[in-house]
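First up is the structure itself, then whatever we jot down about it.
The values are calculated or read from the model by the stated rules, or taken from the named source; none is laboratory data. A quick note: this is a predicted structure, and the numbers were derived from the prediction, not measured. Cβ placement follows ideal geometry from the backbone for every residue including glycine, while neighbour counts extend to all protein chains displayed. What goes into the accessible areas is simple: the full protein's heavy atoms, side chains included, and nothing from ligands, DNA or RNA. Shrake-Rupley method; radii C 1.70, N 1.55, O 1.52, S 1.80 Å.
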Amino acid sequence: MVCVVPCLKFREPEVIAMEEIDINLLRACQQGDVGAFERLFQTYREPVFRLAFRFTGNRDDAEDLTQDIFLKVFERIGSFRCESSFATWLYRLAVNTCLNFKRDTKHAESLEVIDDWQEYELNPEEVCERFELQQRIEAEIATLPKALKAAFILVVLEEMPYRDVSEILGLSVDAIRMRVSRARKILREKLLRYLEG
């Protein structure tokens with residue numbers, strides 16, 4: 001049996017998790033403080049961009065989505081009532097925006113490019129094979145049904161706890177586990193066929 005998950009660990013310069021912000025900063029944002037909103041944007045820009053990039057596989061699309069998401073945050077922050085964590089509220093808004101995104105073109109970009117293959121003590125042929133496999137994995141993730149893709153990206157790629165993903169997607173933990181399991185099964189089958197071919 002092939003395990004898909006280890007192949008999905010992409011090298012990133014720095015992983016910034018969604019973290020909670022000070023309630024006073026939130027209140028200032030709700031009162032229209034532009035400086036406070038700028039601080040909120042700086043805190044969450046990177047994880048929101050990373051999430052959008054994982055949904056689209058394209059930097060330009062991810063940048064556009066990030067701007068759309070923060071525009072929605074700016075417009076809707078007054079409706080945030082602090083009943084859940086802000087990160088959960090933001091992730092829910094970001095995921096819904098990504099799921100509703102319609103791309104005009106089908107171009108895609110890899111989540112990682114191995115620039116210096118010597119650093120990994122690989123020969124150029126191995127680098128090409130790994131890069132090709134990574135692109136195939138990304139392409140297969142992109143073809144997952146929206147419901148499975150959202151759960152898979154949040155749990156496997158973003159490494160979020162099932163409980164948090166359950167709150168973001170508004171589903172039970174068991175439903176999230178089932179969706180992630182189904183996504184893994186689909187990816188495993190497609191990648192096995194690809195590797196055997």
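A few points about this structure:
Yes/no matrix, rows are residues, columns are (1) under 30 Å from Arg188 (Cα atoms); (2) hydroxyl-bearing (Ser, Thr, Tyr); (3) in contact with a His (Cβ under 7 Å, 6 or more places away or on another chain); (4) modelled with pLDDT of 90 or more:
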{"position": "Met18", "(1), (2), (3), (4)": "yes, no, no, no"}
{"position": "Asp22", "(1), (2), (3), (4)": "no, no, no, no"}
{"position": "Ala28", "(1), (2), (3), (4)": "no, no, no, yes"}
{"position": "Glu38", "(1), (2), (3), (4)": "no, no, no, yes"}
{"position": "Val73", "(1), (2), (3), (4)": "no, no, no, yes"}
{"position": "Trp89", "(1), (2), (3), (4)": "no, no, no, yes"}
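- Residue within the range 113-126 that is modelled with pLDDT of 60 or more, open to solvent by less than 80 Å² (accessible area, probe 1.4 Å) and either of a type in the set (Gly, Ala, Ser) or touching an Asp or Glu at 6+ places or on another chain (Cβ under 9 Å) (or both) present: no
- Test: Arg50 is open to solvent by 40 Å² or more (accessible area, probe 1.4 Å), at pLDDT 85 or above and closer than 28 Å to Lys190 by Cβ: no
- Within the range 127-162, tally of residues that are closer than 19 Å to Asp61 by Cβ, open to solvent by 20 Å² or more (accessible area, probe 1.4 Å) and assigned to a loop (DSSP other than H, G, I, E, B): 1
So that you can scan it fast, the table gives a plain yes or no per residue for (1) in a helix (DSSP H, G or I); (2) touching a strand residue (DSSP E or B) at 6+ places or on another chain (Cβ under 8 Å); (3) polar (S, T, N, Q); (4) at pLDDT below 95:
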| residue | (1), (2), (3), (4) |
| --- | --- |
| Phe55 | yes, no, no, yes |
| Asp60 | yes, no, no, yes |
| Phe70 | yes, no, no, no |
| Ile77 | yes, no, no, yes |
| Glu83 | no, no, no, yes |
